[in-house]
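Report on the following structure.
The values are calculated or read from the model by the stated rules, or taken from the named source; none is laboratory data. None of the values given here were measured: they were computed from a predicted structure. As a convention, Cβ positions derive from the backbone with ideal geometry for all residues, glycine included, and neighbour counts pool all protein chains shown. In case anyone asks, the SASA skips ligands and DNA or RNA and just uses the protein heavy atoms, side chains included. Shrake-Rupley method; radii C 1.70, N 1.55, O 1.52, S 1.80 Å.
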Amino acid sequence: MTKLLLILHVLAAIVAVGPVTVAGSMFPAAARRAAGTPDQHETLATVRVLHRVCRVYAALGLAVPVLGFATASGLHVLGSPWLIVSIALTGAAALVLALLVLPAQERLLAQLTGSAAGSAAVERAQTARLAMLTGAFNLLWATVTVLMILRPGSTTGV
């Protein structure tokens with residue numbers, strides 16, 4: 001059963017977190033393009049889709065820690081330092097996404113759809129800040145991935 005939980009945990013991480021990292025990284029540049037395009041219809045549609053991907057897959061990503069806890073419990077490693085650090089970093093990544101990245105995307109999208117004048121208000125600083133926040137989210141997940149693979153103190157020989 002533990003092997004099945006581990007497989008589901010890894011698949012959930014790939015399927016749910018992967019799209020958020022890619023779409024989130026693409027969003028700031030797409031928003032800048034949409035702000036600078038006189039006829040925004042197509043570029044604005046791209047920004048909307050990227051935001052929707054981030055929102056939907058962030059919700060699906062809740063399966064990752066649930067399956068992770070079940071797997072860790074089955075492996076009897078819940079008290080391992082590498083796992084505790086991974087849990088803390090996962091929580092931090094979730095907070096960055098939910099409290100900073102998604103709301104910033106929503107604000108930029110609202111500015112882009114508000115009016116022609118609103119589109120001009122999309123500042124380079126806003127998209128640069130969003131890119132930085134998305135990079136922090138991605139770095140947190142990359143660190144968790146490394147910890148999950150290396151598992152410091154593991155007896156597997158890896």
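Descriptive notes on the structure:
- Taking first residues from the range 127-155 that are within 15 Å of residue 105 (Cα to Cα) and open to solvent by 40 Å² or more (accessible area, probe 1.4 Å) and partners that are in a loop (DSSP other than H, G, I, E, B) and at pLDDT below 90, no Cβ contact under 8 Å between residues at least 6 apart in sequence or on separate chains turns up.
- Filtering 134, 71, 90 for residues that are modelled with pLDDT of 90 or more, closer than 21 Å to residue 15 by Cβ and in contact with a His (Cβ under 6 Å, 6 or more places away or on another chain) leaves a single hit, 71.
- Residue within the range 81-99 that is more than 17 Å from residue 142 (Cβ to Cβ), under 13 Å from the mean Cα position of the chain (by Cα) and open to solvent by less than 20 Å² (accessible area, probe 1.4 Å) present: no
- Residue 55 being in contact (Cβ under 8 Å) with a residue 40 or more places away in the chain, of a type in the set (D, E, K, R) and within 20 Å of residue 15 (Cβ to Cβ): yes
- For residue 128, the stated conditions do not hold, so it cannot be described as at pLDDT 90 or above and under 30 Å from residue 4 (Cβ atoms).
- Close pairs from the range 76-104: first more than 17 Å from residue 150 (Cα to Cα) and in contact (Cβ under 8 Å) with a residue 40 or more places away in the chain, partner among the basic types (Lys, Arg) and open to solvent by 50 Å² or more (accessible area, probe 1.4 Å), Cβ under 9 Å, at least 6 apart: 102/55
- Among the candidates 32, 48, residue that is in contact with a Lys or Arg (Cβ under 9 Å, 6 or more places away or on another chain) and open to solvent by 70 Å² or more (accessible area, probe 1.4 Å): 32
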